[in-house]
1. Arranged by the count of other C-beta atoms within 10 angstrom, fewest first, what order do Ile133, Ile232 take?
2. Would you calculate the convex hull of the Cα atoms in segment 86-243 and tell me its volume per residue in Å³?
3. At a threshold of 8 angstrom on Cα-Cα distance, excluding pairs fewer than six apart, so keeping six or more, what relative contact order does segment 86-243 reach in percent?
4. Could you list Tyr217, Tyr112 so that the one with the fewest beta carbons within 10 Å of its beta carbon is first and the one with the most is last?
5. Rounded to the nearest 0.05, what FRET efficiency is calculated for Ile133 and Val98 with R0 set to 22 Å and r the Cβ-Cβ distance?
6. Based on other C-beta atoms within 10 Å, arrange Ser155, Ser102 from fewest to most.
7. Find out how many positive minus negative residues lie around Glu111, taking Lys and Arg as positive, Asp and Glu as negative, among other residues whose Cβ is under 10 Å from that of Glu111.
8. Glu223: net charge of surrounding residues, Cβ under 13 Å, Lys/Arg +1, Asp/Glu -1, itself excluded?
Amino acid sequence: MKIKASLFALLVVAVCAFSQNATAFDSLMQAYSNAGMTSLDSATQDTLAKDSTANDSAQAESSASDGGLVLYDAQSSSSSAVRHIGVDAPVYKYQVTVGLQSPSRGIVSLEYIFAQEIFNVNVHFSDYTSHLIQFGVSAIYFPMEMRYFYTFLSSDWFRGKYDRERRTSRNNYEDYEETVNYWRVVAGIGGEFLFMEHFGAYLEAGFEFFAGNGGYYTHLNKEYGTLDNDKIKLPYGVGLLFPF
């Protein structure tokens with residue numbers, strides 16, 4: 001009887017000890033599991049952060065390899081040139097050009113830049129002599145969000161005064177001054193490139209025709225102030241540009 005009581009007491013003690021050890025073991029495993037998940041989450045976050053940084057660097061390098069009018073990022077702290085195109089490009093509001101009687105920009109022009117540098121309009125001064133003055137406006141479009149190549153449509157107004165002679169009778173002539181007003185329209189293409197942040201060059205050419213005296217013509221003789229269809233001229237020009 002005493003042996004049975006002793007065995008029963010020993011069994012109770014063993015069960016209690018096992019229960020306490022199991023509870024401690026479960027607590028230890030739970031703590032280990034939580035620590036592992038925390039470590040895994042940190043590692044995952046680090047990996048995602050590195051991937052995001054790598055993607056940003058790749059996009060920056062890709063942007064730097066593209067062409068465009070803008071060579072420098074004003075918001076960047078880096079001194080290296082960063083080239084941008086399209087809607088991501090910083091916007092210049094104005095541009096001054098100086099050229100050799102260019103068909104769309106004349107001798108000197110002031111341009112206003114719209115739509116993230118995809119569309120420009122300008123007013124330009126093209127020519128001045130003792131007989132006439134010429135100035136006009138132009139619309140310049142850069143297709144495919146690129147600043148290297150552009151198309152343009154330009155309209156110029158010619159106003160001049162010329163000495164004429166007319167016959168009043170069989171043997172009599174008189175001199176008089178005639179005032180002429182002609183319009184010139186030029187459609188063409190061109191290309192431009194910036195060498196520095198605010199300095200570049202352009203080259204362009206086009207086809208012109210004139211309106212005046214109730215008709216349309218392909219040639220204007222500026223020396224005499226007359227229109228004719230005897231010649232077809234393809235005007236071209238080169239110049240410098242200064243965006244700001």
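Bear in mind that the values in this text are calculations on the coordinates, not laboratory data. Being a predicted model, the structure only gives us computed values, none of them experimental. Every residue, glycine among them, receives a Cβ derived from its backbone with ideal geometry; neighbour counts consider all protein chains shown.
1. Working: Ile133 14, Ile232 10.
Ascending Cβ contact count within 10 Å gives the list Ile232, Ile133.
2. 108 Å³
3. Details: 423 pairs, mean separation 31.8, N = 158.
Relative contact order comes out at 20 percent.
4. On the way: Tyr217 19, Tyr112 13.
Ranking Tyr217, Tyr112 by Cβ neighbours within 10 Å, fewest first, gives Tyr112, Tyr217.
5. Working: r = 18 Å, r/R0 = 0.84.
Computed FRET efficiency for Ile133 and Val98 comes out at 0.75.
6. On the way: Ser155 14, Ser102 30.
Listing Ser155, Ser102 from fewest to most nearby Cβ atoms yields Ser155, Ser102.
7. On the way: positive: Lys93, Arg105; negative: none.
Summing Lys and Arg as +1 and Asp and Glu as -1 gives +2.
8. Summing Lys and Arg as +1 and Asp and Glu as -1 gives -2.
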